[in-house]
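**Student:** Sharing a structure here in structure tokens format.
The values are calculated or read from the model by the stated rules, or taken from the named source; none is laboratory data. A quick note: this is a predicted structure, and the numbers were derived from the prediction, not measured. Cβ placement follows ideal geometry from the backbone for every residue including glycine, while neighbour counts extend to all protein chains displayed.
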Amino acid sequence: MGVFTRFRDIVSSNINAMLDRAENPEKMIKLMIHEMEDTLVELKASCAGVMASSKKVQRELQEIRSHTSRWHEKAQLAVEKGRDDLAREALVEKRRYAGREER
């Protein structure tokens with residue numbers, strides 16, 4: 001919420017100077033309120049977009065971790081069955097997903 005605080009501080013610091021210069025303080029205040037409302041709408045939209053992106057990234061990360069875990073289990077099962085060739089392939093896939101997780 002630092003953006004809102006910063007915005008409020010900027011408006012507060014400039015309001016007296018603007019009122020002094022204004023021919024009609026009432027019109028200036030209405031204009032400022034309108035501009036603030038527009039800015040608030042933009043900020044809300046921006047926040048919603050960031051939150052949606054964050055949730056998407058979290059879902060993707062969980063999916064990658066799930067794949068990594070499954071390939072690890074497949075590698076263990078292959079070793080138990082004496083299939084080292086399959087275990088190696090499973091570990092290669094596990095590493096591929098682990099690399100995606102680090103990004």
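**Student:** Regarding the stretch 11-30, can at least one residue be identified that is in contact with a Lys or Arg (Cβ under 9 Å, 6 or more places away or on another chain) and either assigned to a helix (DSSP H, G or I) or modelled with pLDDT of 95 or more (or both)? So that I can check it myself, show each step before the final result.
**Tutor:** Just the residues of the stretch 11-30 that are in contact with a Lys or Arg (Cβ under 9 Å, 6 or more places away or on another chain), to begin with: 28.
Filter again for either assigned to a helix (DSSP H, G or I) or modelled with pLDDT of 95 or more (or both), leaving 28.
Yes, there is a match, as at least one residue in the stretch 11-30 is in contact with a Lys or Arg (Cβ under 9 Å, 6 or more places away or on another chain) and either assigned to a helix (DSSP H, G or I) or modelled with pLDDT of 95 or more (or both).
**Student:** Now a separate question. Would you check which residues across the stretch 45-88 are basic (Lys, Arg) and under 14 Å from the mean Cα position of the chain (by Cα) and list them?
**Tutor:** Just the residues of the stretch 45-88 that are basic (Lys, Arg), to begin with: 55-56, 59, 65, 70, 74, 81, 83, 88.
The answer is 55, 56, 59.
**Student:** Please state which one of 87, 98, 45 is under 30 Å from residue 8 (Cβ atoms) and part of a helix (DSSP H, G or I).
**Tutor:** Values: 87 fails: under 30 Å from residue 8 (Cβ atoms); 98 fails: under 30 Å from residue 8 (Cβ atoms).
45 is the lone residue from the list that is under 30 Å from residue 8 (Cβ atoms) and part of a helix (DSSP H, G or I).
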